[in-house]
Amino acid sequence: MIVSEDRFGFDSDSTLVGEPGALTGWGPIRRPPRLELLQGPGAPRAFDLLADEMVIGRSSQVEICIESQLMSRRHAALRRSGPDVRLVDLESANGVYLNGVRVHSAGLLEGDTIQIGDVLFVYREGG
Amino acid sequence: MPAFVRFWGTRGSIPTPGHQTRRYGGNTSCVELRMDGALLVCDGGTGLRELGLDLRRRMPEGVEAHLFFSHMHWDHIQGFPFFVPAYSPESRLHVYETTPGDDRVRRLLHGQMKSEYFPVSFSELGATIEARYFSNRELWVRGVRVRCFEQPHPGRSFAFSFEHEGKKIVYATDSELDSCVCDPLLREREPEALRRLPADLVRFIEGADLLIADGQYTDAEYPSKRGWGHASAATVVDLAVQAGVRQCAIFHHDPMHSDDVVEEKIQVCRARARTHGSELVVFGAREGVELKL
């Protein structure tokens with residue numbers, strides 16, 4: 001739908017009726033969920049969560065490698081199921097804190113903070 | 001062996017789906033405990049439906065679950081007819097009655113599935129569902145000692161304590177704690193002062209690694225809700241401090257409370273614990289969060 005304006009020479013009281021799809025040409029734009037590293041080695045940095053599972057840890061073999069001595073080699077996993085992402089502690093030595101509370105696992109929501117030792121992330125939902 | 005606790009429903013009174021309640025969740029009371037290999041379920045509010053779906057995935061060969069109902073108000077039983085394992089002949093459900101010989105829990109679960117309310121009758125459920133009874137307010141599930149404690153609530157309710165290998169978890173929802181504060185005028189006289197609660201209640205909770213407790217109201221709200229059977233979150237904090245609890249999950253969030261209001265309530269609770277000089281960890285019970293103790 002286009003609301004007419006005088007500068008196009010249309011009658012300002014009339015409305016041209018049209019199909020929105022034909023005018024815009026695309027559907028919703030999707031972006032993946034992401035983890036933003038706010039504090040800790042390598043900050044600031046962002047990780048798009050593109051795979052079904054991504055592991056956070058100190059090992060160079062993991063997808064989200066943070067070289068902090070307070071982090072286990074394989075510390076926590078981020079598991080995607082559709083639009084949802086679940087954080088799971090992989091039996092780490094120092095645990096995972098969600099918004100300041102130690103958790104074993106949790107579904108993540110926009111703005112959640114994840115603290116692992118001296119490392120702080122914020123979770124951003126996809127859209 | 002560690003104990004696991006997962007919140008499937010944390011809302012009080014009625015389900016509250018929607019953007020305003022997304023963070024803490026809109027499903028009504030249901031908490032899963034796993035201790036000594038036993039699956040223990042506290043209450044069957046609408047969160048029980050989600051738990052059932054997850055159990056079908058985790059235990060496709062059949063579920064053995066122990067169901068403890070604090071009481072039988074709607075928000076604690078409505079999930080049961082939608083609990084998928086109840087329909088499976090491979091499942092075995094143990095339903096606990098707090099009073100020997102009393103079949104109230106089973107009778108009311110049956111009643112809510114009468115054809116006037118629900119299309120499938122209780123007798124059509126495929127699972128083996130059997131009643132078990134507390135004896136002197138205590139019983140054992142495998143190596144887990146379970147005790148119950150009567151609470152002030154219209155029609156009464158029960159708290160449950162689960163203990164195994166030095167770990168203690170207390171589930172205490174739908175309790176009007178403020179009605180049994182030792183000095184009922186203290187809250188008006190000195191709102192910040194520690195509200196003493198009855199010794200037998202404090203003993204029941206004493207030393208819990210985790211207390212999951214009804215903290216539905218703010219202090220400002222409670223006076224207008226007196227007699228409805230729920231507690232001020234501040235009084236829950238005071239109980240937890242007196243009982244030497246390590247972590248306290250404020251539970252049974254008011255259906256009128258948005259996530260922001262719950263968050264504010266939790267901040268007030270944390271400040272109160274600090275005021276009492278306590279290291280108590282206070283948080284708002286949130287759907288989908290799992291703890292390992």
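We did not get these values from a lab; they are worked out from the coordinates using the rules stated. These numbers come from a predicted model, not from an experiment. FYI the Cβ positions are ideal-geometry reconstructions off the backbone, even for glycines, and counts take in every protein chain you see.
The residues packed around B:Ala220, meaning those with a beta-carbon under 15 Å from its beta-carbon, carry a net charge of -2 if Lys and Arg are +1 and Asp and Glu are -1. Loop-resident trypsin sites (Lys or Arg not before Pro) (DSSP state other than H, G, I, E or B) in segment A:65-127 with no more than 15 further Cβ atoms inside 10 Å of their Cβ: A:Arg73. Legend: mean number of C-beta atoms from other chains within 10 angstrom of residue C-beta atoms, peptide B:279-291, equals 4.
Classify segment A:34-124: rounded, prolate or oblate, from the alpha-carbon gyration tensor (a ≥ b ≥ c, eigenvalue square roots; a/c under 1.5 rounded; otherwise prolate if a/b is larger than b/c)? Rounded shape, in that the Cα axes give a/c under 1.5.
Under the simplified labelling scheme, the A:Arg30-A:Gln61 pair shows an inter-label distance of 3.1 nm, with each label point 7 Å from Cα along Cα→Cβ. Remark: B:Asp219, B:Asp54 ranked as B:Asp54, B:Asp219, counting other beta-carbon atoms within 10 Å and listing the fewest first. Modelled label positions at B:Glu61 and B:Thr275, each set 7 Å beyond Cα in the direction of Cβ, lie 5.4 nm from each other.
Measuring r between the beta carbons of B:Ser135 and A:Val122 and using R0 = 51 Å, the FRET efficiency lands at 0.50. Calculated FRET efficiency, A:Ala93 to B:Arg22, Cβ-Cβ distance, R0 = 30 Å: about 0.40 to the nearest 0.05. When you filter the trypsin sites (Lys or Arg not before Pro) in segment B:71-126 for DSSP loop state and at most 16 other Cβ atoms inside 10 Å of their Cβ, you are left with B:Lys114.
Indicate, rounded to the nearest 5 percent, the antiparallel portion of the DSSP beta bridges found entirely in segment A:34-124. Rounded to the nearest five, the antiparallel share is 95 percent. Compared with the direct C-alpha span, the chain from A:Asp13 to A:Glu53 gains 8.9 nm at full extension, assuming 0.36 nm per residue. Its relative contact order, with pairs defined as Cα atoms under 8 Å and 6+ residues apart, puts chain B at 18 percent.
Once the Cα atoms are used to define both axes, helix B:233-242 deviates from the longest principal axis of chain B by about 80 degrees. Close amide H partners of A:Leu38, meaning residues 5 or more places away or on another chain with modelled amide H under 5 Å apart, are A:Leu120, A:Phe121, A:Val122.
Here the simple spin-label model places points 7 Å from the Cα toward Cβ, and for B:Arg156 and A:Gln39 these points are separated by 5.0 nm.
Computed from Cα positions, the angle between helix B:47-58 and the longest principal axis of chain B comes to roughly 50 degrees. 3J(HN,Hα) couplings calculated from phi for segment B:262-279 with the Karplus curve 6.51 cos²θ - 1.76 cosθ + 1.60 (θ = phi - 60°) are, in sequence order, 4, 4, 5, 4, 5, 4, 5, 5, 5, 5, 5, 4, 5, 4, 7, x, 9, 9 Hz; Gly and Pro show x.
In order along segment A:112-118, the Karplus-derived 3J(HN,Hα) couplings, from 6.51 cos²θ - 1.76 cosθ + 1.60 at θ = phi - 60°, round to 4, 9, 10, 10, 10, x, 8 Hz, and Gly and Pro are given as x.
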